[in-house]
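Notes follow the structure.
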């Protein structure tokens with residue numbers, strides 16, 4: 001990922017658009033669930049979380065490490081999960097990605113996908129556990145279809161993040 | 001490709017302090033979030049006001065989409081349909097033939113029932129609905145099953161009232177805002193509905209599973225008295241759900257009961273009716289459904 005702008009230039013006085021696009025896109029993705037989707041069981045992927053990890057994979061430096069707190073709070077308020085679960089789990093995900101960045105330096109798309117899918121699995125599992133969605137067997141049955149679709153929708157989500165990234169850098 | 005180094009691991013003391021503070025904030029956030037999530041499960045009222053505020057704020061968008069095309073509803077529907085097309089097709093055909101037979105049977109029963117009630121002078125009169133509303137959205141990516149409806153305090157909706165559609169029971173109101181209300185669907189795992197089998201009045205307990213089906217158990221019977229195709233309706237005991245509201249049809253038998261498909265699909269863009277609680281005329285408010293003892297519930 002070659003830097004197009006030198007580091008010191010990105011640090012001083014970024015235009016508003018450049019700062020806000022990643023955050024806003026995650027908020028919008030979270031809020032999509034309030035649209036009238038016809039879902040009788042948990043089928044819609046956790047779009048906010050997918051957007052978050054897509055951006056984090058693409059650009060490690062756009063957010064402070066605690067960004068999961070405000071973004072997760074918003075997601076909790078619209079999603080119906082217990083308030084606080086996304087706050088905790090999104091922040092854990094950001095910390096985990098930080099740790100992984102230090103260990104696995106050489107990345108390709110496959111590894112990114114695998115990491116993101118693992119993050120999704122842990123996130124859905126922990127979220128269902130926090131919502132007391134029954135015993136382990138029931139939870140796995142509940143989240144499996146959701147996980148499968150979410151994992152398949154990860155590359156498009158990353159593509160959306162990349163497109164938005166291109167747009168926000170084109171001033 | 002190397003992962004982008006964000007320059008956060010610098011040796012400058014100031015940058016190190018900044019990074020340390022950020023980690024501290026993150027860890028405090030994780031602990032607070034976990035505690036809040038656990039407390040919320042125990043005491044769901046804590047964040048009710050905040051959530052209902054957000055629901056109020058996001059409702060206009062859902063209203064607009066509902067009023068417009070409603071096309072958004074098709075996406076997930078088609079994915080789900082593709083996912084289980086074959087088995088669903090077969091199941092639907094079976095359901096249809098069964099339903100036809102039942103409709104004919106029910107017409108006869110209805111006429112007989114009306115006559116008997118007239119004889120007994122027990123006619124209760126139609127339940128006057130409190131409000132009619134649109135179902136705006138469901139908690140589509142959560143394992144908890146909620147819905148937001150388009151009627152609130154201003155329309156006379158209060159917490160703890162049954163919500164139904166033309167087909168059957170949807171759930172009960174939980175949190176009420178000025179213009180919207182949050183409904184706990186019958187498919188949620190925390191929701192328990194006292195029910196009866198339509199043909200003989202066998203007392204049953206229907207609870208949600210978190211997916212699209214309902215768990216059905218007989219209250220006092222050795223063995224498994226349920227049959228596939230049995231129709232369930234609410235019994236009205238407990239004083240929350242109006243008696244004789246259709247709930248679902250048994251589609252599969254398990255070792256200790258059965259699984260039922262709800263008659264009312266809480267899909268979006270359908271009209272729902274908020275009814276008064278079954279004992280609304282009485283002095284005592286109904287106790288919350290989740291906390292009642294399932295055995296003592298069946299009073300008659």
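The values are calculated or read from the model by the stated rules, or taken from the named source; none is laboratory data. Bear in mind that the values here come from a model prediction, so they are computed numbers and not experimental data. A quick note on method: Cβ atoms are made from the backbone with ideal geometry, for glycine too, and the neighbour counts reach across all protein chains shown.
Here's a check for you: in the range B:143-184, which residue that is part of a loop (DSSP other than H, G, I, E, B) and under 30 Å from residue A:147 (Cβ atoms) is nearest to the chain's Cα centre (by Cα)? Going through the qualifying residues, I end up with B:145.
Wholly within the range B:1-109, which helices (runs of 4 or more DSSP H) include no fewer than the required count, namely at least 3 residues that are at pLDDT 70 or above? It would help to see each step written out before you state the result.
Working: elements: B:13-42, B:48-67, B:72-83.
Result: B:13-42, B:48-67.
Between A:99, A:116, A:93, the distinction of being within 16 Å of residue B:31 (Cα to Cα) and part of a helix (DSSP H, G or I) belongs to A:93 only.
Suppose the filter is at pLDDT 85 or above, touching a helix residue (DSSP H, G or I) at 6+ places or on another chain (Cβ under 7 Å) and surrounded by 14 or more Cβ atoms within 10 Å (Cβ to Cβ); does residue B:151 pass it? Here the answer is no, as residue B:151 does not meet what is asked. Count of the range A:95-108 residues, restricted to those that are more than 7 Å from chain B (Cβ to nearest Cβ) and either touching a residue at least 24 places away in the same chain (Cβ under 8 Å) or surrounded by 19 or more Cβ atoms within 10 Å (Cβ to Cβ) (or both), is 2. Please verify whether residue B:271 is within 14 Å of chain A (Cβ to nearest Cβ) and under 16 Å from residue B:205 (Cα atoms), treating the condition exactly as stated. Criteria not met by residue B:271. Taken together, the residues in the range A:76-93 that are more than 7 Å from chain B (Cβ to nearest Cβ) and under 11 Å from the mean Cα position of the chain (by Cα) amount to 4.
Among the residues of the range A:133-171, what is the count of those that are within 16 Å of residue A:25 (Cβ to Cβ) and within 13 Å of another protein chain (Cβ to nearest Cβ)?
The first filter runs over the range A:133-171 and keeps only residues within 16 Å of residue A:25 (Cβ to Cβ), leaving A:153-154, A:156-170.
From the residues that got through so far, the ones that are within 13 Å of another protein chain (Cβ to nearest Cβ) too are A:153, A:165.
Qualifying residue count, the range A:133-171: 2.
Just one of the numbered conditions (1) farther than 20 Å from residue A:100 by Cα; (2) surrounded by 15 or more Cβ atoms within 10 Å (Cβ to Cβ) is not true of residue A:117: (1).
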